[in-house]
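Notes follow once the structure below has been shown.
Every number here is computed from the coordinates shown, using simple stated rules; none is lab data. The shown structure was predicted, so the numbers you read here are calculated from the model rather than taken from an experiment. Counting neighbours? That spans all protein chains shown, and the Cβs are built from the backbone with ideal geometry, glycine included.
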Amino acid sequence: MGNAARPKIDRTAQSILSLVKQVQYKAFVRLESVFQPLGITAVQFRILTTLSMRPGLSSAELARLYDVKPQTMIKQIALLEGKGLIGRQTSPANKRLLELTLTAEGATVLKQCHKGSLAMERTLLDPLTQGEQDQMRAMLLTLLQSMSAPTIVDEPAQSDLEELSQEYSRVGVQRI
């Protein structure tokens, strides 16, 4: 039996994780500049988006969803409430629980944020053809779905371990 030739691995090529993180960071910075005139941060945009899809969540539920301490979420909720973008009301099921909802102003600001973020995304993806964008979206969705499923992962090679930083190994990828 002959040994099949193994393809050579280019050890000088940048890590895909590193490239994804760099693109994510630069997109985040651009998104912040889109939201800044509206008085919103990217973090607050995520909270508003979540509340638009799931009204009635409590700040504790949001904190668990985003894997942050309740105190961290309470600060963001207070800022959004102070801007008049969300409201809190006592839950009919549990009088000790405050449910969060978007105000009319919050819905208006969220609509403006969505418009700005879509424009920024179009600019970001402009160097790619529509087919490449569709292919990238499909690949990212495949990766996301595979990461959501429980799997057994092989031990990484020592050279791979050196490449990974603490950023990639920390818990709570949805941190605010």
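Remark: relative contact order (region 42-142) = 26 percent; criterion is Cα-Cα distance under 8 angstrom and separation of 6 or more residues. Pairwise Cα distances in region 9-159 exceed 29 Å for 34 percent of all pairs.
Listed by chain and number, the lysines whose alpha-carbon sits under 27 Å from that of LYS115, ignoring those within fewer than 8 places in the same chain, are LYS21, LYS26, LYS75, LYS83. When the Cα gyration tensor is reduced to axis lengths a ≥ b ≥ c, the ratio a/c is 1.5 or higher for region 1-91, and with a/b above b/c it is classed as prolate.
A simple count of charges around ALA119, restricted to other residues whose Cβ falls under 14 Å of its Cβ and scoring Lys, Arg +1 and Asp, Glu -1, yields +2.
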